[in-house]
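Visitor: This is the structure I want to talk about, given as structure tokens.
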Amino acid sequence: MNKVAVYPGSFDPITKGHIDIINRSIFLFDKLIVGVLNNPKKNTWFTLEERVEMVKKVCKDNNKIEVRGFEGLLVDFMRENEASIIIRGLRAVSDYEYELQLSLTNSSLANNEIETIFLPASRENLYLSSSIVKEVAVHGGKLNEFMDSRLIEYVEKKVKDKEGGKKC
Ligand code: PNS
């Protein structure tokens, strides 16, 4: 039986921390679906299309990975893709409570037929997040330590667009 796992997230934008989790998960499963959440209520910097494009760009060389956008409940997306394992990365202790809540809720919604597997963040990514990347970008800091070099232009362009849209 093919073991399919889903790595869900907002990926606004995808960081080296996310890429590390993806690279370590693909060894554990036959297929990994990266599920990019479209949540109209969440104020993301990047549109769903942009976020999917960025994730695809960094995953394109591995044919075990699929990248898809999704809306609504993660458990429904899992069902549509016949997947029963959710992958989440865990950084500092502060992630734990939220992640436990997500995991238990998903498990209940899926009658315990879905399991969440947590992978610890690598040491160098322990405090890395999409929010930190955006914060650094807004202040013109170097991004190459935090994200794939092919994606930096997306972030820099977004900062410029945002600055251009500012009112006096
Ligand atoms: O990268 P993020 O924003 O921490 O990812 C959160 C994500 C996408 C995993 C989570 O918000 C999610 O699964 N949302 C879909 C709605 C859902 O199923 N929520 C869980 C039950 S409340």
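Visitor: Suppose only helical runs count, i.e. DSSP H with n ≥ 4. What mean residue ellipticity at 222 nm does that imply for the chain under -39500 (n - 2.57) per run, divided by all residues and rounded to the nearest 500 deg cm²/dmol?
Guide: Only helices count here, giving -11500 deg cm²/dmol.
Visitor: Cα gyration tensor of the range 38-93, axes a ≥ b ≥ c as square roots of the eigenvalues: rounded (a/c below 1.5), prolate (a/b > b/c) or oblate?
Guide: On the way: a/c = 1.20, a/b = 1.03, b/c = 1.17.
Note, shape of the range 38-93 comes out rounded.
Visitor: Can I ask one more? Which value, in debye to the nearest 20, describes the size of the charge dipole of the chain about its Cα centre when Lys and Arg Cβ atoms bear +1, Asp and Glu Cβ atoms bear -1, and nothing else is charged?
Guide: Working: 25 positive and 25 negative charges, 102 e Å.
The calculation lands at about 500 debye.
Visitor: Suppose every Lys and Arg Cβ carries +1 and every Asp and Glu Cβ carries -1, with no other charges. What dipole size does the range 43-140 come out with about its Cα centre, to the nearest 20 debye?
Guide: It comes to approximately 340 debye.
Visitor: Still on this structure: What percentage of the solvent-accessible surface of the range 15-154, computed with a 1.4 Å probe over protein heavy atoms, is contributed by carbon and sulfur atoms?
Guide: Carbon with sulfur: 50 percent of the solvent-accessible area.
Visitor: Provide the per residue accessible area, probe 1.4 Å, for the range 1-150, rounded to a whole number of square angstrom. List each step's numbers first, then the result.
Guide: Values: 8720 Å² over 150 residues.
Ligands and nucleic acids excluded, the result is 58 Å² per residue.
The values are calculated or read from the model by the stated rules, or taken from the named source; none is laboratory data. Worth saying up front: this structure is predicted, and the values here are computed from it rather than measured. Quick reminder, even Gly has a Cβ in these numbers, built from the backbone with ideal geometry, and neighbours come from all protein chains shown. Surface areas here come from the heavy atoms of the whole protein model, side chains and all, with no ligands, DNA or RNA. Shrake-Rupley method; radii C 1.70, N 1.55, O 1.52, S 1.80 Å.
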